[in-house]
Every structure is written in structure tokens, then in C-alpha cells.
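Single-structure report; data block below.
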Amino acid sequence: MLKDLYQSALFPSEIKAMLKIKIEGQKFAPSKHSLEELALMESDKEFCYSALNKVSRSFAMVIQQLPEDLKDAVCVFYLVLRALDTVEDDMKFPEAEKWPLLREFHKKSYDETFKLSGVGDQDDYTVLLENYPKVTRVFKSLHPSYQYVISDICYKMGNGMADFSEKKVHSIEDYDLYCHYVAGLVGIGLSGLFSASGAEHPGLKDQNQLSNSMGLLLQKTNIIRDYCEDLQGDRVFWPSDVWKQYADDLDFFHKNPHHPKSVACLNHLVTDALRHVSDALAYMSILRNKKVFRFCAIPQVMAIATLAKVYNNPQVFVGNVKIRKGLAAKLMLETHNIEDVYEYFDQFAREILRKLSTNDPNYHNTKAQLELIFATIDEPANLAKNILVQEEKMSV
Ligand code: IN0
């Protein structure tokens with residue numbers, strides 16, 4: 001905490017936000033008990049929220065914003081997705097069993113005997129899988145329309161993950177498809193839950209392109225940011241058709257972080273991620289429920305702030321670059337409506353614009369993407385036009 005305060009020393013509004021979050025956040029603070037002990041002490045639903053708190057604290061706070069019945073559905077959705085991800089990520093899990101299990105995983109939400117022992121690289125994930133019947137019982141207590149959305153997304157995601165076990169991410173199309181499976185589908189599922197709850201327009205569940213883009217913007221930001229961590233974990237998500245334009249081996253960037261080719265590759269991927277901003281802004285502009293809006297908007301403003309931080313930043317190749325905790329706290333507290341989102345996207349897009357250099361091979365693409373973002377923000381009315389333009393491009 002002290003380190004975070006120090007880093008925000010020049011930004012008083014961030015100090016204030018951090019302290020406010022610290023106080024407000026107390027009620028969501030993860031319990032001092034281990035998840036294992038909590039599994040013995042708590043009801044099924046309490047355990048689900050404790051597990052959420054343990055695996056993703058800031059997200060657990062954001063999810064609390066949601067209307068009551070939607071909160072339970074999203075909490076279970078998050079845990080089912082986390083379970084899928086834990087199985088996919090576990091390199092010790094025998095491949096011969098892993099992929100069939102992922103393809104079948106959607107059925108496990110109905111099977112109260114299903115659980116897995118000794119799976120996962122973090123204790124809390126392992127405990128979650130060992131106590132999976134608790135998640136299943138809460139899942140079965142949800143309204144059938146929520147159950148359908150969650151198991152449908154689980155089916156598509158599990159099969160998508162298994163499909164990618166045999167193929168690598170080479171082209172931008174592969175990259176978009178992989179991100180669709182692990183994150184775009186989450187957006188589509190959430191839109192389904194928001195519509196089913198009545199908190200949002202019933203038509204939101206049909207906005208697949210915009211919902212997908214919400215997930216792609218988050219996932220591509222994570223993939224760019226996590227280059228170093230993934231390289232160490234022998235995980236490759238950077239599309240080879242891109243990075244091979246700048247180096248023969250992916251670890252060249254880690255070995256030569258200050259080489260012009262390294263930041264050129266990084267900037268290429270940031271420019272690709274910016275492609276999803278106008279759809280994400282369009283999606284957020286059609287949300288009507290304030291709690292749903294904050295739940296969706298907070299991760300998006302975190303993502304654009306992260307893209308601004310990683311753009312042209314060699315630190316990405318040697319460590320984990322994250323936005324200051326104080327800035328994250330400020331974004332969390334001060335994102336209430338679409339004007340705030342436009343304000344933050346404008347601020348961080350300008351930060352990238354300031355870093356632009358005419359020597360960068362993608363200078364013109366990046367500038368064009370940023371101009372599209374500024375145009376979207378300045379004239380929300382022509383948002384619809386931009387969507388049509390995007391769809392025409394997609395249909396080509
Ligand atoms: C999420 C997303 C999420 C939230 C709201 C709307 C969304 C629309 C489309 C797709 C995803 C949406 O948000 C979380 C945020 C999160 O977990 N952040 C981490 C920080 C981090 O860096 O991972 C935290 O600890 O706060 C998210 O990133 N994902 C996610 C997972 C499940 C659900 Cl229900 C919602 C993960 C991912 C891969 C981006 C979908």
C-alpha cells in the first residue's frame with residue numbers, strides 16, 4: 001500500500017481514491033480464513049462469493065454493483081469460466097483427458113457429483129474445483145434462462161478451447177477467433193444474462209458483434225500486457241504473422257527490449273486492439289441500467305488506460321506493466337456514465353497520440369485508429385455510421 005501511495009504521490013486525486021476504496025473495500029475484504037476452511041463453514045452461496053473474492057478482489061467489488069438476482073448469475077458465470085480456465089491452463093492435466101473434459105464441461109454444471117482434485121496452479125482455484133458441487137447447486141438454483149445462457153457459453157468456450165489445443169495463433173483471424181472463444185463469448189453471455197434479467201433491453205442479447213468486441217478489447221489488452229509472464233510460462237498468444245514481421249523468435253523482444261523492432265511489434269498489436277474500441281463504446285452507449293453500466297465500463301476504462309501505458313513501452317518485455325493502483329482506484333470510483341467513459345477514452349487515446357512517432361512502421365494505422373476513436377467520441381450520433389462501416393469491412 002505504501003508503495004502505491006508513493007507512486008501516486010504526484011496525483012492527490014488518486015491518493016483520495018485509494019483511501020476511499022480501502023475503506024469501502026473493507027466490507028469485501030477476502031476473509032482471513034483460507035477458502036478450504038470457508039468451504040466447511042459457509043453455505044453454498046456464501047462460498048461462491050468467498051471464492052470470487054479470493055480469485056479476483058477488484059472484480060468481486062465491481063460485481064457487487066449489480067442488481068441482486070443478476071449478481072448471483074454473474075458470480076456463478078465467473079466461477080464456471082474460472083473452472084474451465086483452470087482446467088485449460090493446467091499443464092499437468094493429462095491431455096488425453098483434458099480436451100474431452102473441456103468439450104463436456106457444460107454438462108458438469110448439472111452434475112452435483114462432479115469435482116476435480118489437485119487441478120490448478122493456485123490453491124484457491126484448486127479448492128474451487130474440489131468444492132465444485134457447491135457451485136453446481138447454486139447454478140441449479142438460478143432461473144432456467146440464466147442456466148441456459150451459462151451452459152450454452154460454457155459449451156461453445158470449452159469446444160473452442162479444445163479446438164485451439166491442436167492449432168496455434170498465426171493470423172489475425174486466428175487471434176480474433178481465439179479471443180472470441182475465451183473472452184468474446186463472455187461478453188455475449190453477459191449480454192444474455194443482462195437481457196434475461198430485464199435489467200437491460202431484451203435486444204441486447206442479439207448484439208453479438210458489439211458484445212464480442214467488449215471481450216476482445218479486454219483480452220487483447222491482457223495478452224499484450226502479459227507478454228513476459230506468458231513467455232516464461234511457455235504460453236504463446238501473440239499472432240506469429242505479426243511478430244515474425246519484427247523478429248525470428250518471440251523471445252528476441254525479451255532479449256532486446258529497447259530495439260526499435262521490439263516496440264514496433266508491441267505498437268502493432270496495440271493498434272490492432274484499438275480496432276475494437278468503437279464497438280465497445282457503442283455497446284456501452286446502449287446500456288440503460290446504471291449498475292450494469294458500471295460493471296461493464298470499469299474494466300473497459302482500465303483496458304484503455306493499460307493500452308496507453310504499454311504503448312511504446314519496453315518494460316512490457318521485461319516485466320508486468322500495470323497501471324498505478326491509485327489510477328485504477330480513481331477509474332473505478334469515477335466511471336458512472338457514458339460521458340465519463342468518453343472522457344477517459346479521449347484522455348488515454350491522446351496519451352497514445354502524444355507517444356506516436358513517424359518512425360513507427362504503423363504510424364498511419366495507429367493515427368487512423370485514434371482519429372476514429374476521437375470521431376466516435378465527438379459525434380456519438382455517427383457511432384451508428386461507424387458500426388455500419390465496421391460491418392461493411394467485416395462483410396468483405
Ligand atoms: C469478465 C470481464 C467483463 C466484465 C464486464 C463486462 C464484460 C464484457 C465482455 C467481456 C468481459 C467482461 O471483466 C473481468 C475483469 C477482471 O476480472 N479483471 C481482473 C484484473 C485482470 O487483469 O485480470 C481483476 O482481478 O479485476 C475480466 O477480465 N474477465 C471476465 C471474466 C468473467 C466475467 Cl463474467 C467478466 C476475463 C476476460 C478474459 C476478459 C473475459
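Those helices (runs of 4 or more DSSP H) of segment 118-233 in which 3 or more residues are modelled with pLDDT of 95 or more and away from the ligand (no atom under 14 Å from the Cβ) occupy 123-130, 132-141, 144-163, 172-179, 227-232.
Note on segment 247-285: residues that are part of a helix (DSSP H, G or I) and free of Cβ contacts under 8 Å to residues at least 12 places away in the same chain amount to 2.
Only one of the numbered conditions (1) touching a Cys at 6+ places or on another chain (Cβ under 9 Å); (2) within 16 Å of the ligand (Cβ to nearest atom) is not met by residue 279, and that is (1).
For segment 1-47: of the residues being among the aromatic types (Phe, Trp, Tyr) and touching a Leu at 6+ places or on another chain (Cβ under 9 Å), which is most open to solvent (accessible area, probe 1.4 Å)? Lay out the reasoning, then the answer.
At the first step, the residues of segment 1-47 found to be among the aromatic types (Phe, Trp, Tyr) are 6, 11, 28, 47.
Subset that is touching a Leu at 6+ places or on another chain (Cβ under 9 Å): 11, 47.
Working: 11: 77, 47: 0 Å².
Restricting to residues being among the aromatic types (Phe, Trp, Tyr) and touching a Leu at 6+ places or on another chain (Cβ under 9 Å), the top hit is 11.
Exactly one residue out of 104, 112 is assigned by TED's automatic domain parsing to the domain that holds residue 76 and in a loop (DSSP other than H, G, I, E, B): that is 112.
In segment 188-208, what residues are open to solvent by 10 Å² or more (accessible area, probe 1.4 Å) and within 16 Å of the chain's Cα centre (by Cα)? Hits for segment 188-208 are 188, 190. Of all residues in segment 160-187, those that are open to solvent by 30 Å² or more (accessible area, probe 1.4 Å) and free of Cβ contacts under 8 Å to residues at least 60 places away in the same chain total 8. Could you list, in sequence order, the residues of segment 229-246 that are touching a residue at least 40 places away in the same chain (Cβ under 8 Å) and more than 23 Å from the chain's Cα centre (by Cα)? Hit for segment 229-246 is 241, nothing else. For segment 346-367, name all the residues that are open to solvent by 60 Å² or more (accessible area, probe 1.4 Å) and in contact (Cβ under 8 Å) with a residue 60 or more places away in the chain. Matches in segment 346-367: 359, 361, 365.
Of everything listed in (1) under 18 Å from residue 349 (Cα atoms); (2) away from the ligand (no atom under 13 Å from the Cβ); (3) of a type in the set (A, V, I, L, M), the single unmet condition for residue 301 is (2).
Residues in segment 286-345 that are in a helix (DSSP H, G or I), open to solvent by 20 Å² or more (accessible area, probe 1.4 Å) and touching a His at 6+ places or on another chain (Cβ under 8 Å): 290, 294, 314.
Please verify whether segment 197-205 includes one or more residues that are within 21 Å of residue 102 (Cβ to Cβ) and touching a residue at least 60 places away in the same chain (Cβ under 8 Å). Checked against the condition, which is being within 21 Å of residue 102 (Cβ to Cβ) and touching a residue at least 60 places away in the same chain (Cβ under 8 Å), segment 197-205 yields no hits at all. Of all residues in segment 114-142, those satisfying the criterion of being within 13 Å of residue 90 (Cβ to Cβ) and of a type in the set (Ser, Thr, Tyr) are 117, 125, 126. Take the residues of segment 35-66 that are within 15 Å of the ligand (Cβ to nearest atom) and small (Gly, Ala, Ser): which is farthest from residue 125 (Cα to Cα)? Among them, the one singled out is 58.
Report, by residue number, each residue of segment 41-81 that is small (Gly, Ala, Ser) and either farther than 26 Å from residue 107 by Cβ or part of a helix (DSSP H, G or I) (or both). Selection gives 50, 51, 58, 60, 73.
Could you tell me which residue of segment 233-249 is surrounded by the most Cβ atoms within 10 Å (Cβ to Cβ), considering only residues that are under 22 Å from residue 273 (Cβ atoms) and out of contact with any Cys (no Cβ under 9 Å at 6 or more places or on another chain)? Break it down stepwise before answering.
The first filter runs over segment 233-249 and keeps only residues under 22 Å from residue 273 (Cβ atoms), leaving 233, 235-247.
This time we only want the ones that are out of contact with any Cys (no Cβ under 9 Å at 6 or more places or on another chain), so: 233, 235-236, 239-241, 244.
Numbers: 233: 12, 235: 12, 236: 15, 239: 22, 240: 15, 241: 14, 244: 14.
Only one residue fits best here, namely 239.
Determine whether segment 74-82 contains at least one residue that is away from the ligand (no atom under 12 Å from the Cβ) and not basic (Lys, Arg). No, segment 74-82 contains no residue that is away from the ligand (no atom under 12 Å from the Cβ) and not basic (Lys, Arg).
Out of 292, 270, 310, report the one residue that is aliphatic (A, V, I, L, M) and more than 13 Å from the ligand (Cβ to nearest atom). Spell out how you get there, then give the answer.
Numbers: 292 fails: more than 13 Å from the ligand (Cβ to nearest atom); 310 fails: more than 13 Å from the ligand (Cβ to nearest atom).
270 is the lone residue from the list that is aliphatic (A, V, I, L, M) and more than 13 Å from the ligand (Cβ to nearest atom).
The values are calculated or read from the model by the stated rules, or taken from the named source; none is laboratory data. Nothing here was measured: the structure is a model prediction, and the numbers come from that model. As a convention, Cβ positions derive from the backbone with ideal geometry for all residues, glycine included, and neighbour counts pool all protein chains shown. Surface accessibility is based on the protein's heavy atoms, side chains included, excluding ligands, DNA and RNA. Shrake-Rupley method; radii C 1.70, N 1.55, O 1.52, S 1.80 Å.
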